[in-house]
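Please read the structure below before turning to the comments.
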Amino acid sequence: MNLTAAEVQQGLQAFYASEFAGAMITPPTLLGSGFEADVFAFTLKSDLPAQDLILRLYVREGVVEKANREFVAMRRLNQAGYPVPRVHHVCTAAAPFTRPFLIMERIDGVSLGASYWGAPESQRLASETLLIQLMAALHALEGSVIFPEASPASSDSPFSFVDQEIATLSSRLQPYRGKEPVALRETLAWLASYRSTAPCERLSVVHGDFHPNNVLLRADGAPCVIDWSNVRLGDYRMDIAWSRLITQAEALPEGRESGLRLYERLTGKTITHLAYFDVLACARLLFGNLVSLPVGPAQSGLPPTGEEQTRKDPAHLRFGIALLQERTGIDTSELEEAVSVWADK
């Protein structure tokens, strides 16, 4: 059940009462609702200077570990000098909201997406360059510094990351017992068949949702990367493929090969077998949105806001379907028809 702004304000007031005598919370503003969390902006007023803050209130079950991981990773990234918001609190106990939440610095800035989506080509290129620079800087960090508690066994096999991704996708199909679109089952089989083409040489810190809307620019132009709910150790190519999918780079001039070459120059890496990670990225996008079509998003556990967002903006799904078909040769006509029917409801 979604909380009202008044209920959120009351909960925050109770939370800060023991920390600051006479603390006051301004009425929170809902900035957005997603699959993972509702995001509110508020100001904390006390004897100290006023603090503009963000509350990430998780909306799904079983996210305690995820909330802790996001908090710890952001704190360590900040300590390592990477541009992220400062985190202040994480709470996984029941009070005061009955679900986990995270409180962090509110960044006063504008989205990099404003100078990317629909912008002139020169602005788009500049935005893409900054995005790639930030991504390359993240992947250059030593993963063991950000995730020192990660088991060494996770890097014993060069296929550990891919195997984990396939297992996660497979688990999403299990509840549907053959009712899911056939193309999704065939995609899973394709990924398993070509798994040996995608060994990982070094586990990197992966953001998990790198795109222009998740970068804010302060007044002085300094960037700050937000939304770390999917941060983990993984293969850097997953971030690249996901970013290219969300920005639909394949449809842009030269397929934005210049962006890939810039990444290679910055990191000294040669990007290979990116097509496999394109399929993984498409699978992640489509499995998360289309696997529930035969039974309905509500019955599958997806929040109503997630269903509404997908219907309002099916362009990314359609692009993902087209890219999946191009990379694998799988018949995706069932998926295309399903998206058209769903989007028109």
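Kindly evaluate residue 19 against the criterion of being over 28 Å from residue 289 (Cβ atoms), within 28 Å of the chain's Cα centre (by Cα) and among the acidic types (Asp, Glu). Steps first, answer last, please.
On the way: over 28 Å from residue 289 (Cβ atoms): yes; within 28 Å of the chain's Cα centre (by Cα): no; among the acidic types (Asp, Glu): yes.
Here the answer is no, as residue 19 does not meet what is asked.
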If you scan segment 1-54, which residues turn out to be outside any helix (DSSP H, G or I), over 22 Å from residue 213 (Cα atoms) and of a type in the set (Val, Ile, Thr)?
4, 25, 26, 43
Scanning segment 104-134 for residues that are in a strand (DSSP E or B) and under 18 Å from the mean Cα position of the chain (by Cα) gives 104, 111
With the structure loaded, tell me whether residue 9 is surrounded by fewer than 16 Cβ atoms within 10 Å (Cβ to Cβ) and either outside the structural domain of residue 147 (by TED's automatic domain parsing) or farther than 19 Å from residue 108 by Cα (or both) or whether it fails that test.
no
Can you name the number of the only condition in (1) touching a Pro at 6+ places or on another chain (Cβ under 9 Å); (2) surrounded by fewer than 21 Cβ atoms within 10 Å (Cβ to Cβ) that residue 221 fails?
(1)
State all residues of segment 69-90 that are closer than 24 Å to residue 29 by Cα and surrounded by fewer than 18 Cβ atoms within 10 Å (Cβ to Cβ); if no residue qualifies, say none.
86, 88, 89
Kindly provide the set of residues from segment 71-100 that are closer than 24 Å to residue 13 by Cβ and under 17 Å from the mean Cα position of the chain (by Cα), ordered by number.
71, 85
When you check residue 321 against the structure, is it at pLDDT 95 or above and assigned to a helix (DSSP H, G or I), yes or no?
yes
Subset of segment 135-150 that is of a type in the set (A, V, I, L, M) and within 18 Å of the chain's Cα centre (by Cα) - its residue that is nearest to residue 214 (Cα to Cα):
135
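The values are calculated or read from the model by the stated rules, or taken from the named source; none is laboratory data. This structure is a prediction, so every number in the text was calculated from the model and none was measured. Neighbour counts are summed over all protein chains in view; Cβ atoms, including those assigned to glycine, are modelled from backbone coordinates with ideal geometry.
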